[in-house]
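First comes the structure, then the notes that go with it.
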Amino acid sequence: MKDSSFAILPENEKDSKPVEYKRIGSLLAYSVNNQNQVELTGENGHVTIIFYQEKIVRMIMNPKQKPITKTSMAVIRQPEKVELFVDNRENDLVITSANITITICKTSMQLRVADQNGSTIMEDDAQYGMAFNKNKEIISLKKMTDDDHFYGFGEKTSFLDKRGERMTMWNTDVFAPHNPEIDALYQSIPYFMVIRNGSAHGMLLDNTSKTIFDMKSSNTTYSIKAEVGQLDYYLFCGPTPKAVIEQYTSITGKMPLPPKWSLGYHQSRYSYKSEQEVRNLVENFKTKNIPLDAIYLDIHYMDGYRVFTFDEDCFPNPEKFIKELKSQGVHVVPIVDPGVKEDPEYYMYQDGMRGDRFCKYIDGTIYHGDVWPGSSAFPDFTREEVRKWWGKSHQFYTDLGIEGIWNDMNEPAVFNETKTMDTKVCHDYDGTPRVHREVHNEYALLMEKSTYEGMKENLENQRPFLLTRAGYAGIQRYAAVWTGDNRSFWEHLQMAIPMCLNLGISGVPFCGPDVGGFAHDSNGELLVRWTQFGIFTPYFRNHSELNSIHQEPWSFGETYEHIIKQYIEQRYIWLPYLYTLFQQASATGLPVMRPLVLEYPNDENTFNLSDQFMIGSDLIIAPVLHPGARHRVVYLPKGEWFNYWTDERLAGEKHHLIHAPIDILPIFVKEGAVIPQGRVRRSTKEKEEELLIHIYPSKKNHSFFTYYDDDGNTFGYETGEFFTNEIQCQLKKDKLNITMDTKQDGYWPDWKKTTLLIHGIEEHMDIYFNGRKQKTVFNTNNETIHICVDISQS
Ligand code: MIG
């Protein structure tokens with residue numbers, strides 16, 4: 001009935017009467033604590049304002065009691081000391097720091113936050129700035145200007161700019177086709193960024209219950225709302241979009257540098273069901289000479305879907321098999337779900353029960369829910385001892401040589417009407433119990449923390465790789481995110497771009513969709529276009545569902561196979577550049593794959609540009625997203641650009657019609673760019689033989705690029721075992737000066753040869769490298785100039 005017109009019978013109209021919200025009322029008293037904390041008492045509630053850092057302010061409102069300052073697991077930083085000055089004026093209380101002024105209206109407790117120039121960053125609605133109702137909901141309405149554009153919110157469907165949308169955060173397993181109507185998916189990242197006239201600010205609503213963000217119901221205000229708990233948010237004052245991401249990730253943490261193998265091409269399927277099937281698959285990649293770094297084992301590898309087991313018939317000797325594959329450069333990544341089968345003869349269930357480690361109701365009975373293995377219990381990851389136990393249990397996998405774990409169903413998903421655990425389950429939370437309704441969105445974050453820390457300990461000095469479906473703010477600290485059960489629809493290829501871009505803005509650089517589409521049947525053209533796009537998604541895995549047509553690279557005939565192979569090879573060619581950007585992301589929080597608006601926040605053509613994106617600051621990728629299309633429009637922002645394939649120069653601040661036959665992914669390079677690349681390899685295990693440095697000299701700007709490399713596998717980089725080389729390029733009249741300067745040599749890369757490739761030179765030119773003349777060129781007709789250099793002495 002729900003899916004027919006019956007759903008919209010007149011009688012079904014929702015009660016349009018708004019829930020009665022009670023306002024916090026007027027300010028009765030205030031006090032200043034520890035320099036950076038101000039406590040306010042209102043008529044109907046309490047507010048604590050904490051200056052976290054110079055440009056980060058936290059506000060907490062609790063209608064019942066003095067706000068609790070303990071944070072969720074999303075936040076890992078303590079407040080710093082910030083000097084405050086409080087001015088008690090007639091109508092307002094004004095709190096000032098060096099960078100921020102907060103004005104609190106005494107009659108309504110409406111907040112206004114301004115920068116040092118007095119420009120408003122954020123302002124409460126006069127009536128419902130802070131309010132709550134008898135159902136324990138809390139809400140805050142903020143003013144919205146015509147120029148406000150919204151980004152972030154983690155993993156959402158629809159276009160890039162979320163103005164005009166209403167979104168729910170409630171980790172949900174959605175197999176139904178993801179479409180603009182589905183506003184809650186697997187990840188809940190209650191954080192967003194507003195860009196207004198080129199300036200930006202951001203907000204994290206740190207509340208792990210169901211939260212709702214509404215930029216749709218009004219043209220002049222937007223609202224943030226939570227089902228239960230405190231109104232507890234952090235305001236990041238920017239003022240640039242990049243500064244907002246840096247501020248957000250300074251308190252929620254950054255992605256650790258992943259192992260290099262996790263950046264290669266990964267092949268998956270629900271499921272490769274036996275050792276023999278996997279061996280044949282790997283053999284196929286080998287004979288077809290297609291690069292490969294990992295194979296995934298979906299639920300069929302287990303004994304009756306019991307996690308931490310292998311089916312003995314299908315995988316008779318997992319250790320031998322996994323080690324052999326690894327020696328050929330292929331990692332095996334098994335799936336691990338949180339549900340533990342209710343089976344008194346199964347050690348994980350026994351261990352969990354005996355150690356009192358499963359989620360239970362307030363009366364002490366264990367919660368059991370149906371998942372793959374049938375009735376199952378779920379570890380209570382809110383307890384530290386349980387996290388340690390679960391993490392340590394991964395020794396089962398690491399002893400076999402496994403370094404990567406794929407966590408699915410961790411919303412947690414349960415096969416029932418609500419799709420999750422009973423919200424009345426009472427989590428231990430290390431002795432301060434809270435019901436599932438309050439902490440649902442945090443469950444996966446805690447599971448990933450447990451898994452990451454356990455894997456890291458078991459692997460000693462090797463970097464673990466985790467892939468997760470669900471998460472909360474801060475998930476980037478532990479796992480890469482894939483965007484769940486998409487379908488082999490062109491629409492889902494299109495949707496994957498803004499979804500990944502907004503994940504990147506939300507502090508999650510390491511993400512990607514199932515290439516080719518998970519459910520439904522893929523086809524040759526779709527898989528080609530998706531693979532072309534996939535080589536630039538930070539996470540690159542082809543995965544498909546049980547009942548779908550197979551979609552390994554060779555599944556649709558030789559013509560398609562040939563192009564798919566060529567692009568998987570491109571991934572490996574681009575890896576040195578991507579790895580440097582991953583390193584930057586792990587240090588700054590800035591995403592590898594980014595929307596143009598992050599680099600060009602004043603250019604209105606970028607505000608909702610959802611079908612092209614940037615890799616770093618110098619590359620624009622414009623995938624083809626429609627069947628039969630052999631052309632597409634590409635917008636190039638300010639600057640001069642090169643077509644990567646032809647070296648044709650293209651003007652910025654213009655739309656261009658680009659020819660893109662089936663074997664072309666349109667790529668554009670900004671003038672002034674320096675881009676390191678490598679050669680094709682069969683896997684990241686093969687040594688890098690040659691470093692290629694593409695240079696696109698600019699007459700206007702001096703170019704800089706710091707290339708980064710390390711062993712790709714250990715934590716040695718934390719103690720200086722890495723390599724950096726600063727590449728510079730300056731073009732003056734007819735003299736091109738290129739320098740390379742090794743700044744850090746705690747690690748020395750594998751390559752034996754370095755080649756410079758200089759693009760876009762048409763006239764007479766003298767080329768210098770590290771002060772020595774290398775070559776004089778004349779009217780090159782736009783040919784690329786190759787020069788071999790030796791940097792070992794530099
Ligand atoms: O509900 O393990 O999103 O990638 O192949 C199905 C089987 C459970 C959902 C995951 C998908 C995986 C599948 N899982």
Query raised in the report: Which of the residues spanning segment 318-368 are over 14 Å from residue 296 (Cβ atoms), within 16 Å of the ligand (Cβ to nearest atom) and assigned to a strand (DSSP E or B)?
Result: 340, 341
Query - strands (runs of 3 or more DSSP E) wholly inside segment 171-231 that include at least 2 residues being within 16 Å of the ligand (Cβ to nearest atom) and among the β-branched types (Val, Ile, Thr) - result: none
Requested in this report: Kindly indicate whether any position in segment 495-504 is touching a residue at least 60 places away in the same chain (Cβ under 8 Å) and either among the acidic types (Asp, Glu) or not assigned by TED's automatic domain parsing to the domain that holds residue 560 (or both).
Outcome: no
Requested in this report: Among the residues of segment 255-291, count how many are of a type in the set (A, V, I, L, M, F, W, C), farther than 23 Å from residue 471 by Cβ and surrounded by fewer than 23 Cβ atoms within 10 Å (Cβ to Cβ).
Outcome: 3
Query raised in the report: Is at least one residue of segment 140-148 modelled with pLDDT under 95 and more than 16 Å from the ligand (Cβ to nearest atom)?
Result: no
Report summary line: Selection over segment 610-646 where residues are in a strand (DSSP E or B) and within 17 Å of residue 502 (Cα to Cα) yields a count of 5
Query raised in the report: Out of curiosity, is residue 303 within 16 Å of the ligand (Cβ to nearest atom) and loosely packed, with under 14 Cβ neighbours inside 10 Å?
Result: no
Report summary line: residue 44 fails exactly one of (1) crowded, with 19+ Cβ neighbours inside 10 Å; (2) in contact with a Pro (Cβ under 8 Å, 6 or more places away or on another chain); (3) of a type in the set (S, T, N, Q), namely (1)
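Among the listed residues 700, 685, identify the single one that is among the basic types (Lys, Arg), over 30 Å from residue 328 (Cβ atoms), out of contact with any Phe, Trp or Tyr (no Cβ under 6 Å at 6 or more places or on another chain) and in a loop (DSSP other than H, G, I, E, B). Show your work before the answer.
Working: 685 fails: over 30 Å from residue 328 (Cβ atoms).
Unique residue meeting the criteria: 700.
Evaluate segment 482-492: report whether one residue or more is farther than 21 Å from residue 626 by Cα and not assigned by TED's automatic domain parsing to the domain that holds residue 243. Break it down into steps so the answer makes sense when it comes.
Start the filter on segment 482-492 by keeping residues that are farther than 21 Å from residue 626 by Cα, which leaves 482, 484.
Within this subset, residues satisfying the condition of being not assigned by TED's automatic domain parsing to the domain that holds residue 243 are 482, 484.
Checking segment 482-492: at least one residue is farther than 21 Å from residue 626 by Cα and not assigned by TED's automatic domain parsing to the domain that holds residue 243.
Look at segment 235-273 and say how many of its residues are within 16 Å of the ligand (Cβ to nearest atom) and either assigned to a loop (DSSP other than H, G, I, E, B) or assigned by TED's automatic domain parsing to the domain that holds residue 57 (or both). Lay out the reasoning, then the answer.
Going through segment 235-273, the residues within 16 Å of the ligand (Cβ to nearest atom) turn out to be 266-273.
Retained after the next criterion (residues that are either assigned to a loop (DSSP other than H, G, I, E, B) or assigned by TED's automatic domain parsing to the domain that holds residue 57 (or both)): 268-273.
Counting residues in segment 235-273 that are within 16 Å of the ligand (Cβ to nearest atom) and either assigned to a loop (DSSP other than H, G, I, E, B) or assigned by TED's automatic domain parsing to the domain that holds residue 57 (or both) gives 6.
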Query raised in the report: What pairs can you find where one residue is in segment 444-469 and closer than 15 Å to residue 412 by Cβ, the other is basic (Lys, Arg) and within 16 Å of the ligand (Cβ to nearest atom), and their Cβ atoms are less than 8 Å apart, with a gap of 6+ or different chains?
Result: 444/469
**Report entry** Hits in segment 222-238 - residues which are surrounded by 23 or more Cβ atoms within 10 Å (Cβ to Cβ) and among the acidic types (Asp, Glu)
**Finding:** 232
Report task. Would you mind finding the one in 761, 767 that is without any contact (Cβ under 8 Å) to a residue 60 or more places away in the chain, of a type in the set (A, V, I, L, M, F, W, C) and in the same structural domain as residue 708 (by TED's automatic domain parsing)? Result -> 767
**Report entry** Near pairs, Cβ below 6 angstrom, 6+ apart or cross-chain, from segment 134-159 (closer than 15 Å to residue 210 by Cα) to any residue that is of a type in the set (Lys, Arg)
**Finding:** 139/225; 153/162
**Report entry** Close pairs (7 angstrom Cβ cut-off, 6 or more residues apart or separate chains): small (Gly, Ala, Ser) in segment 719-743, surrounded by fewer than 19 Cβ atoms within 10 Å (Cβ to Cβ) anywhere
**Finding:** 720/746
Query raised in the report: Looking at (1) surrounded by 24 or more Cβ atoms within 10 Å (Cβ to Cβ); (2) hydrophobic (A, V, I, L, M, F, W, C); (3) within 16 Å of the ligand (Cβ to nearest atom), can you tell me which one residue 549 breaks?
Result: (1)
**Report entry** residue 126 being without any contact (Cβ under 8 Å) to a residue 24 or more places away in the chain, within 16 Å of the ligand (Cβ to nearest atom) and part of a loop (DSSP other than H, G, I, E, B)
**Finding:** no
Query - Of all residues in segment 579-598 being crowded, with 24+ Cβ neighbours inside 10 Å and hydrophobic (A, V, I, L, M, F, W, C), the one that is nearest to residue 161 (Cα to Cα) - result: 597
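Would you point out the residue of segment 444-464, among those that are hydrophobic (A, V, I, L, M, F, W, C) and crowded, with 24+ Cβ neighbours inside 10 Å, that is nearest to residue 484 (Cα to Cα)?
Pass one, segment 444-464, residues hydrophobic (A, V, I, L, M, F, W, C): 444-447, 455, 459.
Within this subset, residues satisfying the condition of being crowded, with 24+ Cβ neighbours inside 10 Å are 444-447, 455.
Details: 444: 14, 445: 16, 446: 19, 447: 17, 455: 23 Å.
Applying the filter and picking the extreme gives 444.
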**Report entry** Matching residues, segment 375-396, being of a type outside the set (D, E, K, R) and free of Cβ contacts under 8 Å to residues at least 40 places away in the same chain
**Finding:** 375, 376, 377, 389
Query raised in the report: Could you say which residue among 448, 453 is assigned by TED's automatic domain parsing to the domain that holds residue 366, among the acidic types (Asp, Glu) and within 16 Å of the ligand (Cβ to nearest atom)?
Result: 448
Report task. Would you check if there is a residue in segment 339-357 being more than 26 Å from residue 280 (Cβ to Cβ) and in contact (Cβ under 8 Å) with a residue 60 or more places away in the chain? Result -> yes
Report summary line: Residue pairs within 7 Å by beta carbon, gap of at least six or interchain, first lying in segment 603-625 and without any contact (Cβ under 8 Å) to a residue 40 or more places away in the chain, second part of a strand (DSSP E or B) and among the aliphatic types (A, V, I, L, M), listed first then second, are 614/620
Query raised in the report: Taking residue 384 and the conditions (1) closer than 23 Å to residue 469 by Cβ; (2) at pLDDT 95 or above; (3) among the charged types (D, E, K, R), which numbered condition does it fall short on, given that it satisfies the others?
Result: (1)
Query - So residue 513, is it crowded, with 20+ Cβ neighbours inside 10 Å, closer than 19 Å to residue 625 by Cα, more than 15 Å from the ligand (Cβ to nearest atom) and not β-branched (Val, Ile, Thr) - result: no
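Considering each of 532, 494 in turn, give the residue that is modelled with pLDDT of 95 or more, away from the ligand (no atom under 16 Å from the Cβ), of a type outside the set (Lys, Arg) and surrounded by 24 or more Cβ atoms within 10 Å (Cβ to Cβ). Show your work before the answer.
Numbers: 494 fails: surrounded by 24 or more Cβ atoms within 10 Å (Cβ to Cβ).
Criteria check complete, one pass: 532.
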Query raised in the report: What pairs can you find where one residue is in segment 406-417 and in the same structural domain as residue 445 (by TED's automatic domain parsing) and within 15 Å of residue 308 (Cβ to Cβ), the other is at pLDDT 95 or above and more than 10 Å from the ligand (Cβ to nearest atom), and their Cβ atoms are less than 6 Å apart, with a gap of 6+ or different chains?
Result: 406/333; 407/336; 407/468
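Residue 608: within 16 Å of the ligand (Cβ to nearest atom) and not charged (D, E, K, R), yes or no?
It is false that residue 608 is within 16 Å of the ligand (Cβ to nearest atom) and not charged (D, E, K, R).
The values are calculated or read from the model by the stated rules, or taken from the named source; none is laboratory data. Worth saying up front: this structure is predicted, and the values here are computed from it rather than measured. Neighbour counts are summed over all protein chains in view; Cβ atoms, including those assigned to glycine, are modelled from backbone coordinates with ideal geometry.
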